[in-house]
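I have placed the structure first, in the form of structure tokens, so that the comments after it can refer back to it.
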Amino acid sequence: MSNSIESTLHETRVFPPPESFVAQANVSGKAAYQALLDEADRDPNGFWGRLARENLQWSKPFTQVLDESKAPFYTWFGDGELNVSANCLDVNLVNGNADKIAIIFEADGGEVTQVTYQQLYERVCKFANALKALGYKAGDRAIIYLPMSIEAVVAMQACARLGVIHSVVFGGFSSKSLHERITDVGASLVITADAQMRGGKAIALKPAVDEALGMGGCEAVRHSIVYRRTGGDVAWDAKRDLWMHEITAKQSADCPPVPVNAEHPLFILYTSGSTGKPKGVQHSSGGYLLWAKLTMEWTFDAKPSDIFWCTADVGWVTGHSYITYGPLAAGLTQVVFEGVPTYPDAGRFWKMIQDHKVTTFYTAPTAIRSLIKASEAKASHHPKSYDLSSLRLLGSVGEPINPEAWMWYHINVGGERCPIVDTWWQTETGGHMITPLPGVTPLKPGSCTTRLPGITAAIVDETGGDVEAGHGGFLVIKRPWPSMIRAIWGDPDRYVKSYFPSELRGYYLAGDGAQCDTDGCFWIMGRIDDVLNVSGHRLGTMEVESALVAHELVAEAAVVGRPDATTGEAVVAFVVLKRSRPEGDEAIAIGKQLRDWVAKEIGPIAKPKEIRFGDNLPKTRSGKIMRRLLRVVAKGETVTQDVSTLENPAILDQLSTPV
Ligand code: WT7
């Protein structure tokens with residue numbers, strides 16, 4: 001575990017929840033929170049069973065809450081049946097929300113389109129009917145590779161309506177990454193668009209699908225359904241490709257939801273691990289939806305009058321739980337945004353909050369940090385130049401938020417009146433795990449504060465023993481919870497090994513190092529494995545290394561993370577070429593070539609910020625690369641550790657010089 005875990009905490013500021021917020025909160029005051037904690041700790045099954053009955057509509061009620069007989073392969077509400085899409089759409093039609101705006105969509109160029117719950121229901125039903133007509137049914141897998149759009153929500157919800165398991169691939173991933181996911185998941189359907197608009201530019205999407213499907217191993221894919229976003233020219237395979245608007249045009253606007261078992265996989269979402277290829281994290285229908293909905297109500301204090309805006313992409317879990325599922329299950333109006341925070345200028349987020357009267361704004365620290373810089377550079381981009389008085393609650397997700405960024409967000413965006421919920425969770429947890437409750441928890445900048453009721457988060461040592469407050473350790477969840485990962489698609493052994501290592505007494509291992517203070521507040525210190533967090537996105541160092549060594553010039557590569565003021569961490573690659581070490585302009589040229597290569601192999605988010613060339617890498621006598629030393633070198637610091645076990649200590653000097 002990294003040394004930073006032992007570092008002492010200097011942050012002492014505490015911000016109690018504003019009384020006016022407490023007065024109206026869904027979970028109001030410490031006693032209400034404590035009562036939920038106690039109920040969950042005293043009788044977890046009674047607690048979860050009650051919530052699942054109260055919050056979801058079941059087509060067949062469950063009789064068993066948790067089945068632990070095949071632990072760690074847990075099942076929740078395992079003999080119950082429901083449909084996720086019916087719980088997001090149909091319920092709103094009978095609850096009086098039919099004419100309520102479900103989605104306010106703002107395109108990259110600023111055009112706004114709104115759909116009501118009734119209209120969204122009809123679009124989902126038409127698309128589901130089209131899928132049904134093409135022969136797709138419960139259990140089939142669909143890859144979704146779409147820009148942020150109403151269509152993306154429609155596609156996901158339509159899959160859920162039929163029990164088709166979706167796997168969304170972020171539009172920034174390359175054809176190679178797409179191919180890997182299509183084959184791993186065994187998809188029979190791909191849903192994509194001609195292009196996406198980002199920052200005023202059209203970026204083609206369909207060619208990546210065509211390329212991926214041409215790579216072999218995708219024979220199971222029968223159709224590729226294309227949403228026409230820009231109307232530009234696209235290559236067309238008449239046997240396989242279908243326009244979304246054509247196949248939905250004549251469909252009925254009603255499609256009966258297919259009831260599925262609570263454990264039926266709702267989706268599979270790929271995320272990076274410390275070794276090997278990305279893991280297909282499999283989520284359930286019942287337990288997952290329960291938590292997406294409840295956390296909307298608890299963490300985001302969801303109210304019918306809210307205008308909720310989560311800035312994530314549906315390609316990540318945040319976009320699943322807090323765009324496609326949670327806000328709809330909670331019956332809210334939400335903003336969905338296609339573009340980027342800096343186009344047409346860095347005031348875009350603030351202008352959108354002002355225009356749409358957003359009440360609840362959920363974004364990532366990396367976005368906040370980049371906008372701090374931009375607003376300092378130009379007053380008209382500063383949040384103070386906009387009317388943000390509609391805001392009542394702010395959220396943060398994806399990485400630790402540094403106290404400076406927290407304070408800036410609090411003062412300049414939240415006007416010192418909005419609580420900030422710093423939500424710690426993961427692709428695997430399905431929803432928030434450790435987070436303030438805005439009407440309960442005193443906030444500490446930089447801490448995700450306390451566990452949610454029913455979530456048994458704790459800090460333990462290598463043997464699973466509890467660690468005292470103020471000391472670093474492994475962040476674990478001691479007992480299962482309904483929205484937890486169910487499996488790694490196609491790799492049950494990896495599921496057990498990654499998340500339930502035998503030394504840890506059956507606890508779920510999150511992979512983060514953390515400590516807890518004497519108030520029970522958690523402070524996340526970073527990953528304990530070779531996973532980096534770049535702009536809130538998870539990236540395995542091994543994935544980047546594999547991409548680099550796949551290049552014909554590269555003999556060896558080692559990738560580490562370096563703290564970065566904007567992106568949290570930045571990728572630094574140490575590379576040994578098959579030929580002699582390049583210098584000067586040549587090093588710059590090859591460096592660029594390799595960075596572009598990584599973008600093509602994985603996606604632009606994986607591009608190394610810096611590449612350093614060496615004649616060799618620092619290795620022990622047994623040939624193990626000393627990444628620990630490379631992390632020091634990458635930071636520009638001098639290695640003070642003992643290097644006597646190194647085969648070639650002189651190499652550190654060479655690698656210390658940036659090109
Ligand atoms: C990893 C999970 C959660 C959805 C988006 C990322 C880090 C996430 C926080 C936070 C400190 C955080 C952890 C975690 N992380 N939220 N509020 N404070 N760290 O999901 O890609 O699965 O990444 O992101 O390291 O393990 P993900």
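The values are calculated or read from the model by the stated rules, or taken from the named source; none is laboratory data. Owing to the predicted nature of the structure, the values given are computational and were not obtained by experimental measurement. Glycine also receives a Cβ, built like all others from the backbone with ideal geometry; neighbour counts cover every protein chain displayed. Areas reflect the complete protein model, heavy atoms only, side chains present, ligands, DNA and RNA absent. Shrake-Rupley method; radii C 1.70, N 1.55, O 1.52, S 1.80 Å.
Descriptive notes on the structure:
- Sites residue 53 and residue 254, calculated FRET efficiency, Cβ-Cβ separation with R0 30 Å, nearest 0.05: 0.65
- Calculated FRET value between residue 98 and residue 586, using beta carbons and R₀ = 56 Å, to 0.05: 0.30
- Cα-only radius of gyration and Dmax that characterise the range 98-156, units Å: 13.1, 38
- Take every DSSP beta bridge whose two residues both sit in the chain; close to 60 percent of them are antiparallel.
- Long-range Cα-Cα pairs in the chain (distance over 33 Å), rounded percent: 47 percent
- Expressed as a whole percent, the accessible surface of the chain that belongs to carbon and sulfur atoms is 52, based on a 1.4 Å probe.
- Residue-span extension gain [residue 355 to residue 134] - 0.36 nm each, minus C-alpha spacing: 75.5 nm
- Magnitude of the charge dipole for the chain, about its Cα centre and with charges confined to Cβ atoms of Lys, Arg (+1) and Asp, Glu (-1), is about 760 debye.
- Solvent exposure of residue 342, expressed as accessible area, is near 80 Å², computed with a probe of 1.4 Å over the protein chains only.
- 211, 219, ranked by accessible area, largest first (probe 1.4 Å): 219, 211
- DSSP beta bridges in the range 560-636 [antiparallel fraction, %, rounded to 5]: 60 percent
- Distant alpha-carbon pairs in the range 180-268 (separation over 16 angstrom), percent: 63 percent
- More than 18 angstrom apart: percent of Cα pairs within the range 381-433: 38 percent
- If the segment from residue 12 to residue 387 were pulled out straight at 0.36 nm per residue, it would be longer than the present Cα-Cα gap by 131.9 nm.
- Per residue, the accessible area of the chain comes to 37 Å², computed with a 1.4 Å probe over protein heavy atoms only.
- Legend: distances between Cα atoms for 497/619; 351/378; 497/635; 132/293; 592/619; 277/600; pairs beyond 20 Å are 497/619; 497/635; 132/293; 592/619.
- Whether the range 285-340 is rounded, prolate or oblate, judged on the alpha carbon gyration tensor where a/c under 1.5 counts as rounded: oblate
- Counting only Cα atoms, the size of the range 250-299 along its three principal axes is 46, 34, 22 Å, in decreasing order.
- Antiparallel bridges, percent of DSSP beta bridges restricted to the range 239-365 (to nearest 5): 45 percent
- Inverse mean reciprocal Cα-Cα distance (Kirkwood Rh) of the range 385-513, Å: 16.3 Å
- Dividing the C-alpha radius of gyration of the range 553-600 by 2.2 N^0.38 Å, with N its residue count, gives 1.25.
- Check: the range 195-251 dipole with +1 on Lys, Arg Cβ and -1 on Asp, Glu Cβ, in debye: 260 debye
- Size of the range 79-228 as Cα extents on the principal axes (Å, biggest first): 49, 46, 25
- Alpha-carbon geometry of the range 487-534: the Rg and the Dmax are 13.3, 42 Å, given in that order.
- Protein-only accessible surface order, largest first, of 180, 503 at 1.4 Å: 503, 180
- Taking all Cα pairs closer than 8 Å and separated by 6 or more residues, the relative contact order of the range 554-602 comes to 30 percent.
- Average silhouette area of the range 11-109, convex hull of alpha-carbon atoms, in square nanometres: 12.5 nm²
- From the largest down, the range 267-397 spans 46, 40, 21 angstrom on the principal axes of its Cα atoms.
- Placing unit charges on the Cβ atoms of the charged side chains and taking the dipole of the chain about its Cα centre, the candidate lying farthest along the positive direction among 282, 56, 147 is 147.
- Our analysis of the range 492-621 gives Rg over Rh at 1.06, with the two radii drawn from alpha carbon positions and Rh computed by the Kirkwood formula.
- For the range 517-582, the Kirkwood hydrodynamic radius comes to 13.6 Å, computed from all pairs of different C-alpha atoms.
- For the range 63-139, the calculated P(r), taken from all Cα-Cα distances in 5 Å bins from zero up to the bin holding the longest distance, is 3, 12, 14, 15, 13, 14, 13, 8, 5, 2, 0 percent.
- Ranked by solvent-accessible area (1.4 Å probe, protein heavy atoms only, all chains present), the residues 588, 144 order from largest to smallest as 588, 144.
- Each semi-axis of the equivalent ellipsoid for the range 143-302 is √(5λ) with λ an eigenvalue of the Cα gyration tensor; in descending order they amount to 26, 20, 17 Å.
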